[in-house]
Amino acid sequence: VSGEPADLRYDTISFLSDYGRVDEFVGVVHSVIRTLAPGVTVIDVTHDVPAHDVRAGGLTLARSAQYLAPGVVLAVVDPGVGTDRRGIAVEVGDGASVLVGPDNGLLASAVAMVGGATRVVELTSTEHRLEAPGPTFDGRDVFAPAAAALCRGVPVGDLGAEIDPLTLRPGMLPLPQIEDDGIGAEVLWVDRFGNVQLNLGPDDLVPLGVEGDRITVRIDGAERTARRVGAYAELGPGELGLAVDSYGLLALVLDQRSAADELGLAASAAVTVAPLGDDPSPNGTSSPVTLRSKA
Amino acid sequence: VSGEPADLRYDTISFLSDYGRVDEFVGVVHSVIRTLAPGVTVIDVTHDVPAHDVRAGGLTLARSAQYLAPGVVLAVVDPGVGTDRRGIAVEVGDGASVLVGPDNGLLASAVAMVGGATRVVELTSTEHRLEAPGPTFDGRDVFAPAAAALCRGVPVGDLGAEIDPLTLRPGMLPLPQIEDDGIGAEVLWVDRFGNVQLNLGPDDLVPLGVEGDRITVRIDGAERTARRVGAYAELGPGELGLAVDSYGLLALVLDQRSAADELGLAASAAVTVAPLGDDPSPNGTSSPVTLRSKA
Amino acid sequence: VSGEPADLRYDTISFLSDYGRVDEFVGVVHSVIRTLAPGVTVIDVTHDVPAHDVRAGGLTLARSAQYLAPGVVLAVVDPGVGTDRRGIAVEVGDGASVLVGPDNGLLASAVAMVGGATRVVELTSTEHRLEAPGPTFDGRDVFAPAAAALCRGVPVGDLGAEIDPLTLRPGMLPLPQIEDDGIGAEVLWVDRFGNVQLNLGPDDLVPLGVEGDRITVRIDGAERTARRVGAYAELGPGELGLAVDSYGLLALVLDQRSAADELGLAASAAVTVAPLGDDPSPNGTSSPVTLRSKA
């Protein structure tokens, strides 16, 4: 492809981490890859996953997975660095791509999104590592060298012993719950604009028998009415919307303002979605409701 | 150019947005381009335009325009996404470069800076798009694929119907106003260091008949004296300077401190600049002045 | 190398600055390099060095130096821009790499890390510059064009007059001090995770005659006990650890929390490290101690 050395097995590494951009961590990982596999292009998915937040990192990777260029995915959110948690390389699509990172659930949802693992190895080989003065930067010393080696054509089997995919730490994708008073949903993600993605697709609303374009949203015991819209700009000032977002999931939105700030919602918060008629009170704002407690 | 495939029409995409870096939006757009036009280099101008701030994005693009490598400019600050606002591709310099983004004024100042549009199309073709589960991420689904297609040599006319450049939404570049008590200026930009760029060039001060190197600056009714300097470090501690900035405009500056914080100024704020002698009071700090109200 | 033009002398520029990512400064520098030396890959080490903080920038560069790909290092933290401080190009390893930036101590520690300067020139030539409307963006107008010229094979001697390396502004690397009550250390760096790097290696503790895995840490007169650990996750909740970090220096750490926040520490703060038995009080937390004042 396009001027890269003919002998590169993969020419793209998609890199996600919780390293932030303030320190030099991301730049050093780029430099290590540039040195070990000079023709490879590194694409930064994001490095601002909240520190140590494996769930958020895994969801970000799952959202991105279908759009990433074929190649190697390097993902590092790794609170267990230096312990005996395993480093792994997960081949998908019979080698179309390989995901490299810690075995802590971070890679699991993305792997599932692209059809599951066809081969997994634990990164036990010491041949494709940097010698490190301390054991706390495996992104630089273990994972980046492994990703670079894969790009250069080192077989995944040379990076360590094959392990059973069933032994991998699973990811945690919360499922919506059908409840007496509606569907118990959970906030997967609040984006930069304050849009609140729920773990619900449009089809999940069908069993509710919603009529019209309005729906009840219950948060912490308080009720709000949301209107189904296709675009943010269809909403009036302060009007709450429920839109199918760019990943096909339902999101609570406002026009040019943060719905998350307005509703006091963050990732993992509980939200109940119900038909408008489900509301036993006439004004739909103040009736006592059973507050769903997060499991 | 340099190892890119010989058949690339453009090998550089300069990318500006209000997507921020915390979510994966920027990384996903890079990935889409990498997949559709692998040999193209994407340069991130910035992605921290304030959310939905078309004016700030347009000014940033205009400041950058003369420095960008020839190729495609992909610019997305798009509060109207999903509505009937048009997506456009604006050819400049008879094809030297093409700017792609929403028709909301974002591109206008940059287009003007580089000599005006030679051809404009509305991005109506569905051939060069990604199928999207929801309509809120046109950067990924519409604009990036269009930019990649242009790089691959797809003629701009294949992206949609040609439209009259005169129908484009104009940008809003505030002009300084000659007033009784000086020049009414406006803050265009506060940079990371707190330097306050005004919509004034050095020539704009000529009609004021300023003598010497000191000038009066009136903000919210309060007056300060600023000294014309060539470098921040010429200023004493706390001394206010007026410098020609790196874009040739006048900026209020302090040495190693934020003039914006010190003066309480943000983008769009009004600042009146006047000769020192224009100050009716002897001490130049406390006389009542007519406060210019922003139109 | 890998599709870059055969006539590139260097194909990688490693770029560090205090420009931040909010403005377009970094993107414009990338664009200038892309225009002047199209086949060069630019790696962003970081751009979030605190504004004007030459010490922090120099330490970041020194930490990164051994991992950077051979080529040109472009480093800009430059509070003296526009004054008569010199711009310099520092050749190391007889031309293996060249560091470009202001002569204010920023480059000094990194140059020392990689074996010292083999040749230094002051960037006096006006041939390899951009004409600038104002003198405050030397990263764009002076340093990036110089870096691009070096990549294209322009001899370092063509960029200006050779100067004596001994005349360069030195960097400031604080050395630990042996004191009556332990070793007086200094915080070099607090990273994104709140780990507190000290200017101490493990060998520096040997003269203390520390026994066992616990050690006393004195901050602002208060004492804490820290435990030597290999990984963050070995620590109990709230337990303070002393680990060899990824650069081989000692760092105060907590498990999945910020030690800097917990201890109230920032860069340049003083920390005294002493053997556990050195504590004259039985409980080790409240005895009056001589507070080390920073020189």
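The values are calculated or read from the model by the stated rules, or taken from the named source; none is laboratory data. Bear in mind that the values here come from a model prediction, so they are computed numbers and not experimental data. A quick note on method: Cβ atoms are made from the backbone with ideal geometry, for glycine too, and the neighbour counts reach across all protein chains shown. For accessibility, only protein heavy atoms count, side chains too; no ligands or nucleic acids. Shrake-Rupley method; radii C 1.70, N 1.55, O 1.52, S 1.80 Å.
Quick notes on this one:
- The stretch C:234-253, residues that are within 8 Å of chain A (Cβ to nearest Cβ) and more than 18 Å from C:VAL273 (Cβ to Cβ): C:GLU234, C:SER246
- Filter pass, A:ARG224 being open to solvent by less than 20 Å² (accessible area, probe 1.4 Å), touching a residue at least 12 places away in the same chain (Cβ under 8 Å), over 25 Å from B:SER17 (Cβ atoms) and away from chain B (no Cβ under 14 Å): no
- Residues of the stretch C:20-74 that are more than 7 Å from every other protein chain (Cβ to nearest Cβ) and among the aromatic types (Phe, Trp, Tyr): C:PHE25 alone.
- Any hit, the stretch B:5-12, residues being crowded, with 23+ Cβ neighbours inside 10 Å and of a type in the set (A, V, I, L, M, F, W, C): no
- Scoring C:ASP138 on the criteria (1) farther than 26 Å from B:ALA233 by Cβ; (2) charged (D, E, K, R); (3) crowded, with 21+ Cβ neighbours inside 10 Å leaves a single failure, condition (1).
- Annotation for the stretch C:252-273: no member residue is under 20 Å from C:ASP204 (Cα atoms), surrounded by fewer than 19 Cβ atoms within 10 Å (Cβ to Cβ) and at pLDDT below 95.
- If the condition is being open to solvent by less than 10 Å² (accessible area, probe 1.4 Å) and over 29 Å from A:SER97 (Cα atoms), then the stretch B:18-55 contributes B:ASP18, B:VAL45, B:THR46, B:VAL49.
- Matching residues, the stretch C:141-155, being open to solvent by 10 Å² or more (accessible area, probe 1.4 Å) and touching a residue at least 24 places away in the same chain (Cβ under 8 Å): C:VAL142, C:ARG152, C:GLY153, C:VAL154
- Looking only at the stretch B:186-205, and only at residues there that are more than 16 Å from B:GLY57 (Cα to Cα) and among the charged types (D, E, K, R), the one that is surrounded by the fewest Cβ atoms within 10 Å (Cβ to Cβ): B:ASP203
- Considering the stretch C:81-108, and only residues there that are more than 15 Å from C:PRO155 (Cα to Cα) and open to solvent by less than 20 Å² (accessible area, probe 1.4 Å), the residue that is nearest to the other protein chains (Cβ to nearest Cβ) turns out to be C:VAL81.
- Among the residues of the stretch B:152-193, those that are within 14 Å of chain C (Cβ to nearest Cβ) and hydrophobic (A, V, I, L, M, F, W, C) comprise B:LEU188, B:TRP189, B:VAL190, B:PHE193.
- The set of residues in the stretch A:206-221 being farther than 30 Å from B:GLY20 by Cα and open to solvent by less than 10 Å² (accessible area, probe 1.4 Å) consists of A:ILE215, A:THR216.
- Qualifying residue in the stretch C:156-164 (condition: surrounded by fewer than 16 Cβ atoms within 10 Å (Cβ to Cβ) and part of a loop (DSSP other than H, G, I, E, B)): yes
- Within the stretch A:1-39, the residues that satisfy the criterion of being at pLDDT below 95 and farther than 21 Å from A:VAL154 by Cβ are A:SER2, A:GLY3.
- Test set (1) over 21 Å from A:ARG63 (Cβ atoms); (2) assigned to a loop (DSSP other than H, G, I, E, B); (3) open to solvent by less than 40 Å² (accessible area, probe 1.4 Å) - A:PRO174 fails condition number: (1)
- For C:GLY58: the one exception among (1) out of contact with any strand residue (DSSP E or B) (no Cβ under 8 Å at 6 or more places or on another chain); (2) open to solvent by 10 Å² or more (accessible area, probe 1.4 Å): (2)
- Check on A:VAL120, touching a strand residue (DSSP E or B) at 6+ places or on another chain (Cβ under 7 Å) and open to solvent by less than 10 Å² (accessible area, probe 1.4 Å): yes
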